[in-house]
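What follows is a single structure, written as structure tokens, with notes after it.
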Amino acid sequence: MGLAYRRVLLKLSGEALMGDLAYGIDPTVVDGIADEIAEIVASGVQIAIVVGGGNIFRGVKGAASGMERATADYVGMIATVMNAITLQDALERKNVLSRVQTAIEMKEVAEPYIRRRAMRHLEKGRVVIFGAGSGNPFFTTDTTAALRAAEISADLLFKATKVDGIYDADPKTNPDAKRYESLTYSHVLQHDLKVMDSTAISLCKDNDIPIMVFDLSVKGNVKRAVMGESIGTIVGGSSYEVR
């Protein structure tokens, strides 16, 4: 199968990096992700990554525990940088050139986020990993993923999760939950389907960036998704039927 996309953005949740651990980073999982990304880069696809930090710290949970929300979100942003550097190390051990860019300046460990520099890295075949979210509290890493996808002119945003798509109910509690193959942005927003926050969905809608939601835990799924296989749920404009 030929290339389905020229440039993509992959959103990795922090929880996806935990594997079966209760907390932190599973090196085996990160190594497997790096293997798949290496294959994608070798095929000629340009790939940027936004990584979350929920495996280390979640701002919302910190705020719920009594922290001031903005402070908790900044701690969460720093956690994403830890994940980004870990992923960069795994990639470079596989001879995949990569750069970490952060929205909060940490010049000793990463480049500051500069859009033109990020695009230049992608054009040279380097993987760009975006850390520290958007640099602003009260915004999720899903929204950051939508924002960066628009800024780098990505063909599609991939959201790698622990479920194999979007359902009409929680499949963990409802055995009759139906998985959608495709959805419109409007349907997701109107029915408040919790795949991404509404700001992220709206950003993708306004910039006509389709979203593919798929299960990261199945080996080979990242490559299958990027190559255009239908392995999850795709969300797009009015040309995408709800089915």
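The values are calculated or read from the model by the stated rules, or taken from the named source; none is laboratory data. Keep in mind the model is a prediction, meaning the values are calculated, not measured. So basically every Cβ, Gly included, is an ideal-geometry build from the backbone, and we count neighbours across all protein chains shown.
Below, the figures for the structure above:
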read-out: Subset of the range 42-73 (residues that are surrounded by fewer than 20 Cβ atoms within 10 Å (Cβ to Cβ) and assigned to a helix (DSSP H, G or I)); value: Ala42, Ser43, Val60, Lys61, Gly62, Ala63, Ala64, Arg69, Ala70, Thr71
read-out: Pairs with Cβ under 8 Å, 6+ apart, first in the range 6-17 and within 10 Å of Val51 (Cα to Cα), second assigned to a helix (DSSP H, G or I) and of a type in the set (Gly, Ala, Ser); value: Lys11/Ala145; Gly14/Ala79
read-out: Selection from the range 200-243 of residues that are under 18 Å from Phe139 (Cα atoms) and either within 15 Å of the chain's Cα centre (by Cα) or modelled with pLDDT under 85 (or both); value: Ala200, Ile201, Leu203, Cys204
read-out: Some residue of the range 56-67 being touching a helix residue (DSSP H, G or I) at 6+ places or on another chain (Cβ under 7 Å) and at pLDDT 90 or above; value: yes
read-out: Condition check for Met227: touching a helix residue (DSSP H, G or I) at 6+ places or on another chain (Cβ under 6 Å), within 14 Å of Leu10 (Cα to Cα) and not polar (S, T, N, Q); value: no
read-out: Condition broken by Arg99, with the remaining ones in (1) among the basic types (Lys, Arg); (2) assigned to a helix (DSSP H, G or I); (3) within 21 Å of Leu17 (Cα to Cα) satisfied; value: (2)
read-out: The one condition in (1) free of Cβ contacts under 8 Å to residues at least 12 places away in the same chain; (2) within 22 Å of Ala200 (Cβ to Cβ); (3) in contact with a Ser or Thr (Cβ under 8 Å, 6 or more places away or on another chain) that Thr140 fails to fulfil; value: (1)
read-out: Single condition Lys124 does not satisfy, out of (1) out of contact with any helix residue (DSSP H, G or I) (no Cβ under 9 Å at 6 or more places or on another chain); (2) exposed (fewer than 14 other Cβ atoms within 10 Å of the Cβ); (3) farther than 24 Å from Gly32 by Cα; value: (3)
read-out: Condition check for Val30: closer than 19 Å to Ala149 by Cβ, touching a residue at least 24 places away in the same chain (Cβ under 8 Å) and surrounded by 17 or more Cβ atoms within 10 Å (Cβ to Cβ); value: no
read-out: Selection from the range 124-147 of residues that are among the hydrophobic types (A, V, I, L, M, F, W, C) and assigned to a strand (DSSP E or B); value: Val127, Val128, Ile129, Phe130
read-out: Residue match in the range 183-190 (condition: in a loop (DSSP other than H, G, I, E, B), under 19 Å from the mean Cα position of the chain (by Cα) and at pLDDT 85 or above); value: no
read-out: Looking only at the range 123-162, and only at residues there that are among the aromatic types (Phe, Trp, Tyr) and touching a Phe, Trp or Tyr at 6+ places or on another chain (Cβ under 8 Å), the one that is nearest to Thr233 (Cα to Cα); value: Phe158
read-out: Matching option when the condition is among the hydrophobic types (A, V, I, L, M, F, W, C), part of a helix (DSSP H, G or I) and either crowded, with 20+ Cβ neighbours inside 10 Å or modelled with pLDDT of 90 or more (or both), among Ala160, Ala150; value: Ala150
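Quick grid of which residues meet (1) among the charged types (D, E, K, R); (2) buried (at least 16 other Cβ atoms within 10 Å of the Cβ); (3) out of contact with any strand residue (DSSP E or B) (no Cβ under 8 Å at 6 or more places or on another chain):
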residue: Lys194; (1), (2), (3): yes, no, yes
residue: Ile201; (1), (2), (3): no, yes, no
residue: Asp206; (1), (2), (3): yes, no, yes
residue: Pro210; (1), (2), (3): no, yes, no
residue: Asn221; (1), (2), (3): no, yes, no
residue: Gly228; (1), (2), (3): no, no, yes
residue: Gly232; (1), (2), (3): no, yes, no
